[in-house]
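For reference, the structure is listed below as structure tokens.
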Amino acid sequence: MYYRDVKEDMTAGLPLAINIFIRLREEILRGRMKNEEKLTEQRVCNEYNVSRTPVREAFRLLEQEDLIRMIPNRGAFVTGMTHQDIADMYDMRKEYEILAFKWAVERMTQEELDEIRNAYELMEFYTMKGEMVKAQSQNVHFHELIYEASHNRQLTRILTSFQYYTKLFKEEGEVGHAEEEDMEQVLREHREILQSLEDRDAVRGAEAVRIHLEGSKIRAGYGGFEY
């Protein structure tokens, strides 16, 4: 679907309905709209000063992503995501990302490997400077480049959505994300993934990805979520 930085959306040239969808999705994922909260077309129309047509399309897209449910004669209600949903998403992402790594080893070009290495070097640079927002941005980019190097559009779409959801989901006062002191460990884990790519070692790389994503789940506070 559409995974963009919400701060850029209104100037990105996207259709109005997509802009509204992206902003509402962020509100839901960040916990600013609670589960079972009613979301009315009129409320959104007033907030964004738009007609009902783009709002209805935005609602349709939210329903496709299971973030709202439409009840006949009652309207739209937020379903959102739970902590268990996100914990499960980390586990699913791990399995899919191992597959993406294996395919990248087989299919990536030298140019793609160079781009992945550059993303790692920038992440290392910003980590050493203590510029964690920029380091985290390169962290995300590093993974996205591996997805693209797998040369499988469906897998890239799934993993991009998983990364987007786990990045945005937050409820105040509850589960937090990795603290700055974790970044050096994160950097070491990425270095092992990169070296495995450079050596085109699928077995070593699959283990490095597994360790990294299991660590990411724990650092994000979801390690103890079990059925």
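The values are calculated or read from the model by the stated rules, or taken from the named source; none is laboratory data. This one's a predicted model, so the numbers in the text were calculated from it and none came from an experiment. So basically every Cβ, Gly included, is an ideal-geometry build from the backbone, and we count neighbours across all protein chains shown.
Observations on the model:
- Close pairs from segment 19-34: first farther than 9 Å from residue 58 by Cβ, partner aliphatic (A, V, I, L, M) and surrounded by fewer than 22 Cβ atoms within 10 Å (Cβ to Cβ), Cβ under 6 Å, at least 6 apart: 26/6; 27/33; 28/78; 29/168; 33/78
- Complete set of residues in segment 149-176 that are over 15 Å from the mean Cα position of the chain (by Cα), at pLDDT 90 or above and charged (D, E, K, R): 153
- Inter-residue pairs, beta-carbon under 8 Å, first farther than 20 Å from residue 145 by Cα and in segment 181-196, second not charged (D, E, K, R), 6+ apart: 184/127; 185/215
- The residue that is nearest to residue 110 (Cα to Cα), among those in segment 123-150 that are among the hydroxyl-bearing types (Ser, Thr, Tyr) and buried (at least 18 other Cβ atoms within 10 Å of the Cβ), is 150.
- Exclusive hit being surrounded by 12 or more Cβ atoms within 10 Å (Cβ to Cβ) and modelled with pLDDT of 95 or more, set 57, 47, 65: 57
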